[in-house]
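Report on the following structure.
The values are calculated or read from the model by the stated rules, or taken from the named source; none is laboratory data. All values reported here derive from a predicted model rather than from experimental measurement. We place every Cβ from the backbone using ideal geometry, glycine too, and count neighbours over all the protein chains shown. For the accessible areas, the whole protein counts, side chains as well, though only heavy atoms, and no ligand, DNA or RNA atoms are used. Shrake-Rupley method; radii C 1.70, N 1.55, O 1.52, S 1.80 Å.
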Amino acid sequence: MLPLTSYAWGSPSRYIQGAGELDRLAVHTEKFGKRAFAVIDEFFYKSFTERLNTLYENAGGAFLSFLYQTEITKELIEKASDEASGFSPDVIIGIGGGKALDTAKAVASRLSLPLVIIPTSASTDAPTSAMSIIYNDAHEHDDVYYYIKNPDLVLVDSQIIADAPVRFLVSGMGDALATVFEGRTSIRTNQPNYICGESGSYMRTRTAAAIAEECYRTICEFGVRAKIANELHVVTDALDAVIEANTLMSGLGFENVGCAASHVVCNGITAVPGGDKALHGEKVAFGVICQLLAENEDMKLIEEVIRFNLSVGLPVTLDDMGIAPTEENFDIISANPQETEWTREPFYMDAVKVKAVVKTAHELGKRYKKGL
């Protein structure tokens, strides 16, 4: 590839995190206008629509919600965009998990409107990024949409995160886990990040690399305590630290430095029958082990990652995700590496080599679970 000579940084314009912030949403969006259109995840649609209708009515504004359900497909984005356009909003809001948020990003981009993102769990780093991951009706990865700007505001209500299922927070730690290792690989091989792709290819800033390192340190230090706080539905400093790592640090890190093999393994698992039952970060966490094995990293580091996964409940085997370790499934996970971000690694990988790595990771995880 051509040598990279310039640096680029991208991020949300504002990030606000704290308990009770959802009740101040009308205050936060007033700078954009009075009319708000929100894409809301099906699990929160009824309660949040009623809550926010009252909120905006009391503030003298107008509010319309759109139900996100099933899957983020191109057809759903088209439908949401049409409904938003008919409402003539001043601002688009996304509320829910990563796919509902990605739907809102697509709508805001199509209508060239400000975007406010409100995650209801700390399960992925999707809230801060300028991209949407698109799937088809079969829940298989289909496309990626890249946007020319990040969200205008990411608003995180810590109490909503504390009340969310613990599995989501843990999955977010799995996604965040990959940030530093994929970042180190992208730096090592001088790969471009995902910023301003419409105008060229750029290197990561030192700021981005430092954030990726801090992301890993934070989840390792506070992960177990944050999980306990989530189980108790209380907001603590440890929980706030992990929310920030899962959402802000991981989001800035992956987008400004780059992904690599961990996410490719995740995408491969998604294509396996039943692979949609595992959360994104759970699949990525197993992918991290695969990537470190492929890179022949020091066994102490690999063991550190495996033990972290076990300490918070992240997968270390395919069985942990409900995926049978069959030859057919290994083949699906390992398919077409030269068309994926395996090419960001500093060595050549074909399907045979990837399959060997995935098999080894699965077996290694089994042994650690047995205490060997």
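The table for this structure:
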quantity	calculated
Enumeration of residues in segment 290-303 that are without any contact (Cβ under 8 Å) to a residue 24 or more places away in the chain and in a helix (DSSP H, G or I)	299, 300, 301
Some residue of segment 118-131 being more than 21 Å from residue 248 (Cβ to Cβ) and either in a strand (DSSP E or B) or not small (Gly, Ala, Ser) (or both)	no
Count of residues meeting criterion [open to solvent by less than 30 Å² (accessible area, probe 1.4 Å), closer than 21 Å to residue 154 by Cβ and more than 18 Å from the chain's Cα centre (by Cα)] in segment 187-208	1
Residue 171 being at pLDDT 95 or above and crowded, with 24+ Cβ neighbours inside 10 Å	yes
Segment 122-139, subset among the β-branched types (Val, Ile, Thr) and at pLDDT below 95, residue nearest to residue 279 (Cα to Cα)	124
Residues of segment 348-362 satisfying the condition of being in contact (Cβ under 8 Å) with a residue 24 or more places away in the chain and either more than 13 Å from residue 291 (Cα to Cα) or not in a helix (DSSP H, G or I) (or both)	349
Strands (runs of 3 or more DSSP E) contained entirely in segment 4-114, each with at least 3 residues that are buried (at least 17 other Cβ atoms within 10 Å of the Cβ)	35-41, 62-68, 91-96
Checklist (1) at pLDDT 95 or above; (2) open to solvent by 20 Å² or more (accessible area, probe 1.4 Å) applied to residue 247, failing item	(2)
Number of positions in segment 131-150 that are aliphatic (A, V, I, L, M) and over 16 Å from residue 258 (Cα atoms)	3
Residue 63 vs. criteria more than 30 Å from residue 198 (Cβ to Cβ) and modelled with pLDDT of 95 or more	yes
Answer residue from segment 240-261, given it is assigned to a helix (DSSP H, G or I) and over 13 Å from the mean Cα position of the chain (by Cα) and is farthest from residue 187 (Cα to Cα) among those	240
